[in-house]
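The structure under discussion appears below in the form of structure tokens.
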Amino acid sequence: VTIHDQQLHRGKGGELHQFAEDGHEVLTTAQGGPVADDQNTLRVGARGPAVIDDFHFREKIFHFDHERIPERVVHARGYGAHGFFETYESLAAYTRADLFQRPGEKTPAFVRFSTVAGNKGSADLARDVRGFAVKLYTQEGNWDLVGNNIPVFFIQDAIKFPDIIHAAKQEPDRAFPQAQTAHDNFWDFISLTPESMHMVMWIMSDRAIPRSFRFMEGFGVHTFRFVNDKDESTFVKFHWKPKLGLQSVVWNEAVKINGADPDFHRRDLWQSIQSGNFPEWELCVQLFDQEFADNFDFDILDPTKIIPEEILPVRPIGRLVLDRMPDNFFAETEQVAFMTQNVPPGIDFSNDPLLQGRNFSYLDTQLKRLGGPNFTHLPINAPKCPFHNFQQDGHMAMRNPVGRTNYQPNSRNEGPRASPVRGFRHFPSDEEGSKIRLRPESFADHYSQARQFYISQTPPEQRHIAMALTFELSKVEEPVIRERMVSHLLNIDDTLASTVARKLGFQSLPKPADAAMPTRQDLEPSPALSIVER
Ligand code: HEM
């Protein structure tokens with residue numbers, strides 16, 4: 001037996017395993033070619049020019065040059081984990097979704113938590129909304145419940161999403177602030193968007209600086225539908241409740257933690273899961289019918305409103321446990337593609353105009369971010385149930401149809417068939433109306449729930465909201481924006497408005513804001529007002 005023979009080994013399939021002189025597997029190129037020297041480029045003489053024959057160098061550098069993909073346009077910074085969802089009881093009366101039929105049924109899950117505004121490398125404890133995106137690999141295809149840790153949203157119509165996000169992220173000329181809502185563009189947009197006031201109360205509250213992902217709630221935000229096998233529909237709102245309860249840090253702590261360890265939330269999730277301390281959430285639902293919707297004070301299609309739990313208690317229907325970190329951050333957490341349109345039979349959409357816009361946006365953005373139509377072939381995105389269709393080709397196609405028949409109908413009796421019984425049937429809601437661009441009147445009350453949220457807070461929590469608003473608005477340079485914000489606060493709570501106004505150095509209070517969108521005239525600062533400049 002020669003030394004050469006000892007360093008070769010054939011696997012069961014006859015494949016050749018090669019070992020280097022020190023016993024490690026031999027380093028290869030992407031083509032599988034064994035490499036002799038990975039640390040020195042090929043040159044003419046030790047001090048001479050590099051030569052183009054060096055295919056190993058060129059392949060190594062080429063691959064490195066292409067490592068980055070675009071970061072998510074929002075929610076760029078995130079951290080994910082694997083786990084499972086366990087169903088508590090059969091919900092067959094409400095939904096035909098397979099995952100809710102059998103008590104004790106376990107469904108594999110992948111969850112990605114995120115901040116919204118900051119770039120991929122920003123700090124974890126920014127004052128921001130947190131994404132809470134859950135992919136459940138059900139037996140009837142993937143269900144993505146792409147939620148946040150706040151139950152309402154800034155805007156009522158998806159067509160405004162590019163504006164709110166442009167305004168929230170770093171300003172285009174100066175490229176700062178990173179991951180920070182305290183700047184003119186953000187507050188300018190907010191102060192001109194009264195529908196955002198409820199959400200603003202939440203993001204100025206302690207909810208926006210969670211102690212860790214493990215202590216956050218999650219919300220599906222929109223009203224969805226459950227649909228049972230008789231095609232009867234029940235409206236549903238989804239809530240994730242952390243077993244550990246809710247905990248936040250205060251701003252002072254957040255600033256220090258961000259400085260000392262910008263990866264604080266990542267590290268927390270990594271360490272707790274690696275040490276067997278698996279975080280857990282209960283999935284709770286609010287179920288209601290059309291009659292409840294018709295009698296409720298707000299429009300159930302308006303994503304800036306909640307249904308208070310005192311009016312409609314939540315019902316726990318299962319639990320989510322996160323028990324495994326990804327083997328590779330890029331392959332799983334970065335390449336995971338959540339899409340609100342991913343729903344199994346038995347779960348359907350409502351006419352919430354924000355949800356309807358999202359159902360377009362997510363597929364579109366994955367196409368751009370993941371480079372083509374075959375991102376569903378990536379293991380993290382592929383369903384874990386059998387799937388069959390005639391989709392083929394495109395960049396990086398890895399699951400082309402096998403055989404001759406790649407179409408239907410076909411006379412060979414080959415290939416999969418659609419099934420009106422097993423397949424997804426859209427709930428046949430009755431719709432009528434003119435084709436118009438018009439916000440419904442029922443979406444017009446922008447302040448009542450903002451007020452309800454504020455007064456539901458304890459006195460220390462209310463103080464934190466006042467301090468957050470003061471701090472944020474003190475960073476705003478244009479006086480008119482600060483004034484406009486205080487005029488909205490006057491519609492929410494007098495004490496809150498006057499505290500913030502006083503701390504900002506206002507000599508007098510502005511008029512309360514009109515609930516309607518401001519006109520051009522309203523945008524001019526009132527002459528009576530004097531603002532002490534910093
Ligand atoms: C990403 C939640 C509204 C467009 C995300 C993510 C979450 C989320 C959690 C991160 C997903 C991940 O971890 O990969 C929400 C919630 C919304 C909302 C709860 C309102 C209730 C919208 C709207 C649009 C939109 C209205 C556009 C019309 C996007 C886009 C991404 C994203 C383009 C990036 C997706 C990616 O590249 O993977 N959203 N979002 N979102 N969202 Fe939303």
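Based only on other Cβ atoms within 10 Å, what is the fewest-to-most ordering of Lys120, Lys12?
Numbers: Lys120 12, Lys12 5.
So the ranking, lowest neighbour count to highest, is Lys12, Lys120.
List the GluC sites (Glu not before Pro) in region 168-260 that DSSP assigns to loop (not H, G, I, E or B) and whose Cβ has at most 16 other Cβ atoms within 10 Å. Which are they?
Qualifying residues, ordered by number: Glu232.
Report the convex hull volume per residue for the chain, counting only C-alpha atoms, in Å³.
Details: hull volume 126.7 nm³, N = 534.
In the chain, the Cα hull volume divided by residue count equals 237 Å³.
Give, in nm to one decimal, the length gained when the segment between Thr495 and Glu309 is fully stretched (0.36 nm per residue of separation minus the Cα-Cα distance).
On the way: separation 186, 0.36 × 186 = 66.96 nm, distance 2.62 nm.
So the chain would gain 64.3 nm between Thr495 and Glu309.
Do the sum for the chain: with -39,500 (n - 2.57) for every DSSP H run of n ≥ 4, divided by all residues, what is the mean residue ellipticity at 222 nm, to the nearest 500 deg cm²/dmol?
Numbers: 13 runs with 128 residues, N = 534.
Calculated mean residue ellipticity at 222 nm is -7000 deg cm²/dmol.
Measure nothing but the geometry: give the 0 to 90° angle between the long axis through the Cα atoms of 55-65 and the longest principal axis through the Cα atoms of the chain, rounded to 10°.
10
What is the fewest-to-most order of Tyr362, Tyr447 by other Cβ atoms lying within 10 Å of their Cβ? List each step's numbers first, then the result.
Working: Tyr362 17, Tyr447 20.
So the residues, fewest neighbours to most, are Tyr362, Tyr447.
Only residues of region 142-182 count here: report those whose backbone N is under 12 Å from the spot 7 Å along Cα→Cβ of Lys435, or say none.
So the set is empty, nothing qualifies.
On full extension of the chain, what length is gained from Phe360 through Ile455, given 0.36 nm per residue of separation minus the C-alpha to C-alpha distance? Working shown, then result.
Values: separation 95, 0.36 × 95 = 34.20 nm, distance 3.67 nm.
Length gained between Phe360 and Ile455: 30.5 nm.
For region 158-287, divide the Cα radius of gyration by the Kirkwood radius and give the resulting Rg/Rh value with two decimals. Can you show the working numbers first?
Details: Rg = 18.5 Å, Rh = 17.7 Å.
Using Cα coordinates only, the ratio equals 1.04.
Which percent of Cα-Cα pairs in region 67-219 sits in each 10 Å bin, short to long?
Taking all Cα pairs of region 67-219, the binned fractions are 10, 34, 30, 18, 7, 0 percent.
Between Arg425 and Lys243, what is the label-to-label distance in nm when each label sits 7 Å out along the Cα-to-Cβ direction?
Result: 3.8 nm between the two label points.
Given the Cα-Cα distance of Asp157 and His395 and 0.36 nm per residue of separation, how much length would full extension add, in nm?
Values: separation 238, 0.36 × 238 = 85.68 nm, distance 3.37 nm.
Taking 0.36 nm per residue and subtracting the Cα distance, the gain is 82.3 nm.
Quick check: the angle from helix 353-369's long axis to the longest principal axis of the chain, C-alpha only, nearest 10 degrees?
Computed tilt is about 30 degrees.
Report the FRET efficiency, 1/(1 + (r/R0)^6), for Glu478 and Phe55, where r is their Cβ-Cβ distance and R0 is 60 Å, rounded to 0.05. Kindly include the intermediate steps, with their values, before the conclusion.
Values: r = 58 Å, r/R0 = 0.96.
The formula returns an efficiency of 0.55 here.
For the residue pair Gln507 and Leu378, what label-to-label distance in nm results when each label sits 7 Å from Cα along the Cα-to-beta-carbon direction?
My value for the distance between the label points is 5.8 nm.
For region 151-191 and region 217-245, compute the distance between their C-alpha centroids and round to whole Å.
If you average the Cα positions of each part, the centres end up 28 Å apart.
Pairs of Cα atoms under 8 Å, at least six residues apart: use those to get the relative contact order of region 11-69, whole percent.
On the way: 31 pairs, mean separation 11.3, N = 59.
Rounded, it is 19 percent for region 11-69.
What does the C-alpha gyration tensor say about the overall shape of region 310-440? Classify as rounded when a/c is under 1.5, otherwise prolate if a/b is larger than b/c, or oblate.
Numbers: a/c = 1.63, a/b = 1.21, b/c = 1.34.
In terms of gyration-tensor shape, oblate.
Which trypsin sites (Lys or Arg not before Pro) in region 414-523 pass both tests, a DSSP loop state and at most 12 other beta-carbon atoms within 10 Å? Display every interim value, and only then the final one.
Values: sites: Arg417, Arg422, Arg425, Lys435, Arg437, Arg451, Arg463, Lys475, Arg482, Arg484, Arg502, Lys503, Arg520; in loops: Arg417, Arg422, Arg425, Lys435, Arg437, Lys475, Arg520.
Filter output for region 414-523: Arg417, Arg422, Lys435, Arg437, Arg520.
Could you point to the residue in Thr95, Ile61, His82 farthest towards the positive end of region 61-117's charge dipole, with +1 and -1 charges on the Cβ of Lys/Arg and Asp/Glu respectively?
Farthest along the dipole direction, towards plus: Thr95.
So what is the relative contact order for the chain, in percent, with contacts set as C-alpha pairs under 8 Å and at least six apart?
After rounding, I find 16 percent.
Readers should treat all values here as calculations from the given coordinates under stated rules, not as data from a laboratory. Because the structure is a prediction, the values reported are computed rather than measured. Because the Cβ atoms are built from the backbone with ideal geometry, glycine has one as well, and the counts that use them run over all protein chains shown.
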